[in-house]
Each structure stands twice: as C-alpha cells, then as structure tokens.
1. For N137, all conditions in the list (1) more than 26 Å from L270 (Cβ to Cβ); (2) open to solvent by 60 Å² or more (accessible area, probe 1.4 Å) hold save one; what is the number of the exception?
2. Given (1) open to solvent by 20 Å² or more (accessible area, probe 1.4 Å); (2) more than 17 Å from the chain's Cα centre (by Cα); (3) among the aliphatic types (A, V, I, L, M), where does L196 come up short, assuming only one miss?
3. Tally the residues that are free of Cβ contacts under 8 Å to residues at least 60 places away in the same chain and assigned to a strand (DSSP E or B), restricting the search to the range 323-352.
4. Filter the range 140-166 down to the residues that are farther than 16 Å from E237 by Cβ, outside any strand (DSSP E or B) and not charged (D, E, K, R) and list them by number.
5. Please go through the range 229-254 and give me each residue that is of a type in the set (D, E, K, R) and more than 20 Å from the chain's Cα centre (by Cα), ordered by number.
6. Go through the range 173-193 residue by residue and tally those that are among the aliphatic types (A, V, I, L, M) and open to solvent by less than 10 Å² (accessible area, probe 1.4 Å).
7. Condition test on G208, is it within 18 Å of S228 (Cα to Cα), of a type in the set (G, A, S), within 20 Å of the chain's Cα centre (by Cα) and buried (at least 24 other Cβ atoms within 10 Å of the Cβ)?
8. Quick one: which of A107, A147, A103 is touching a residue at least 40 places away in the same chain (Cβ under 8 Å), within 16 Å of T56 (Cβ to Cβ) and either out of contact with any strand residue (DSSP E or B) (no Cβ under 6 Å at 6 or more places or on another chain) or open to solvent by 30 Å² or more (accessible area, probe 1.4 Å) (or both)?
Amino acid sequence: MRRLVFMALNLATACSDALEQKSSAGQVIAVVNANDRTLSVISATDFTVTTRSWQTGGATPRTIDGRGHVFVVPLGGADAVGVSLFFTCPPGALSLCVRSDYALPLAAGSGATGVAIQDDSIAWVANPDLNTVTRLNYYSGDTTSVAVGIHPQAVAIVGTRVFVVNGNLTGATPAGPSWLTSFDCCGVRTTDSIPLTGANAQFAVVGGDSLLYVIAAGHAGDADGKLSIVDPPARTELAVLNGLGERPGALAFHPTGSRLLIASRTEGILEVNTSIRAITRGTGNGIKPAAHGVTGLAIDLRGRVYAVDAAVSATPEFCAVGGGVVHVLTAPPDYREIHTAMVGCGPTTAAVAATQ
C-alpha cells in the first residue's frame, strides 16, 4: 500500500514530505558505549542525551536491539544481557524489574553477542563461545538454549521463525563461508541451515520487503565485504552483492523507498537499492559525516539518520576529556547534518525504541 501511495506522488518530494508529517516525539535512540560499558540515550525530540548503566563488571557490550519501550544489550565477556526499560513493568514481573536498568545472567562462557527482540517479553541472544542461541524472558530471566552453528554473531526474526547468523570463525579468523541456522520460535525447534556466500557474517536486518539482509564482513585486509539477500520462506540465498569494501558493519532499512543503509568504518554510510538489488553508494562514494567512517546506524520516525562516528579515539586519555559522537542527519539522499550528539566512550551500534 505504501508503494502505491508513493507512486501517485512526485518521488522527489513525496518521501520527504511524508516523513516530515510523522512525529518522532517520544522516540529515543540508544547507543552502546563499549569502553565505558554504558548506554547513551538520545531523545529524538530535542536531541538531549542521558546515560544508563547496568553496573556489570567485565561487560563488553557491542550490539543492541530495541523494540517498543525496551533495549536489550548482550554484555559479551560478562556472560549476561543488559536490559533498559522505558516503562513500568507489568504486575507479577521479577522484583528486579521495577528498576529501569538491570542485567540478567546467561550460561557461563556465553560471550553474548547479537540479539533480536521477539515480542514484549522474549529476546533471542547469540552465544558465540557456546555455539548456541538463548531464548530469554527479559522480565523473569528464564532461559532456554538451542544448539546452532559455529560462532553465532547475530539473530533476526521473520514472522515466527528465528534466523541465527553463524560467523564460522576460528578465533577471529573465518574458517570458511558463513551460514544461517533457522527454526520456529514457538513450536518444535527443528533446525535447518541456509548456506551463505560470504565469510564472517556479523549483522542481519529484515527489510521492508520481508527479505533478510545479511552482512558478511569478510577477511581482514581483503576488502571482501558482501551483502547476502535471503528469502526466509524459501530459506535460500537469493542474491549476493559484492563491493562493500573492508569489514562493513551494522545495517538499517530506511523508509524512503528501498534504501538499505550500511555502516562502514572506512567508507561511512553505504547504500543499496533493494528494489533493483544494486549498490548505489559503494566504496569511494559513501556518506562520511565530518569526513569520518561510521560504526552504527539508527533511523527515527521522521527518517533522520543517526550515524555513530567511527573516528573518535577510544583511548583512556580521550575518554577522560570527551566521548563519542553521533551525527544526526536528514533523510537521504541529502544526509545534511543537523545536530551532533556527544555520547559515551567507544560507541559502537545503535537502536530505536520509545518512551511510555
């Protein structure tokens, strides 16, 4: 239906006008700060920044997912998950849930990295050091784990099916092509595998076309990053786009047309037109806020892009006097910077949720 409406308008202005009519009031963008183990929360209304923390020693947070009024952050070396709530917990929830920020333990040695929120109580967390994925009730802390492939690094959910991105790493080195493990979230969990072409698959997002887009970072120094396009019902890789350069990162689907935005430390923001399956902003042509690369992306209801700056130093000396930077940009294709938000030290990825 949305595409039919856009076709009836002048495409040069319709997307921008439609986005401007949407209010981002109440939306917040959370940015994971790896070095100081905190969450910076940016208001999409006035761009003010607040800080949240789970007070968990040994945490190495790098990924995040947001849905409704909650953010869930795998805490890596802490073998735990951080939960940040923006509402009052439902009656009967675990007593710790009355707090706005708390950590829930996972199995020892999980190395939790990668998460997808299924609904208003359940999230799935990848455990790369155990080759499992955990179904977590982020109120009660109850867990159930499912064996998957080698070194899972991300999770995505399409309908009632869970897709786990297996990086297939030995240490930090790809041992071969990556693949997806999939199973039904809520019934008999019989797993199957979907081979991928690229190596070191790390991120996945569901597009507006209900296809699954998977980033394979490739081999360090080889500039062989790829994008796999997967058909979830058919459970097959439909297409592969090469030319994403050195270790592309997190990705986000933009509501203006068929734009898939990809973060790149070296290239800034890359773009893929999903309707024609072509890279429209590739290596050498990325959007680089302040001439810097980007580690994470989030998009608010007005289509504004929040680009996490990759160039800010993460040394202890720098953290003592400053922090990370998030550039707030207008919707593509303009990408005009309208605000710079200061966040914590070592920012990585970002996600969107809402306050009550």
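The values are calculated or read from the model by the stated rules, or taken from the named source; none is laboratory data. None of the values given here were measured: they were computed from a predicted structure. Cβ atoms come from the backbone with ideal geometry, glycine included; neighbour counts cover every protein chain shown. Each accessible area value is taken on the protein alone, full model and side chains, heavy atoms only, with ligands, DNA and RNA left out. Shrake-Rupley method; radii C 1.70, N 1.55, O 1.52, S 1.80 Å.
1. Every condition holds for N137 apart from (2).
2. Against the list (1) open to solvent by 20 Å² or more (accessible area, probe 1.4 Å); (2) more than 17 Å from the chain's Cα centre (by Cα); (3) among the aliphatic types (A, V, I, L, M), L196 comes up short only on (1).
3. Initial filter on the range 323-352 (free of Cβ contacts under 8 Å to residues at least 60 places away in the same chain): 325, 327, 329-330, 333-334, 336-338, 340.
When the remaining residues are screened for being assigned to a strand (DSSP E or B), the result is 325, 327, 329, 337-338, 340.
Qualifying residue count, the range 323-352: 6.
4. If we filter the range 140-166 for residues that are farther than 16 Å from E237 by Cβ, which is where we start, we get 140-148, 150-153, 155, 157, 159-160, 162.
Those left that are additionally outside any strand (DSSP E or B): 140-142, 148, 150-151, 159-160.
Those that are farther than 16 Å from E237 by Cβ, outside any strand (DSSP E or B) and not charged (D, E, K, R): S140, G141, V148, I150, H151, G159, T160.
5. Of the range 229-254, the ones of a type in the set (D, E, K, R) are 231, 235, 237, 246-247.
Selection gives R235, E237.
6. To start, the set of residues in the range 173-193 that are among the aliphatic types (A, V, I, L, M) comprises 175, 180, 188.
Those left that are additionally open to solvent by less than 10 Å² (accessible area, probe 1.4 Å): 180.
Here the count works out to 1.
7. Details: within 18 Å of S228 (Cα to Cα): yes; of a type in the set (G, A, S): yes; within 20 Å of the chain's Cα centre (by Cα): yes; buried (at least 24 other Cβ atoms within 10 Å of the Cβ): no.
When the stated conditions are applied, G208 does not pass them.
8. On the way: A107 fails: touching a residue at least 40 places away in the same chain (Cβ under 8 Å); A147 fails: within 16 Å of T56 (Cβ to Cβ).
Of the residues listed, the single one that is touching a residue at least 40 places away in the same chain (Cβ under 8 Å), within 16 Å of T56 (Cβ to Cβ) and either out of contact with any strand residue (DSSP E or B) (no Cβ under 6 Å at 6 or more places or on another chain) or open to solvent by 30 Å² or more (accessible area, probe 1.4 Å) (or both) is A103.
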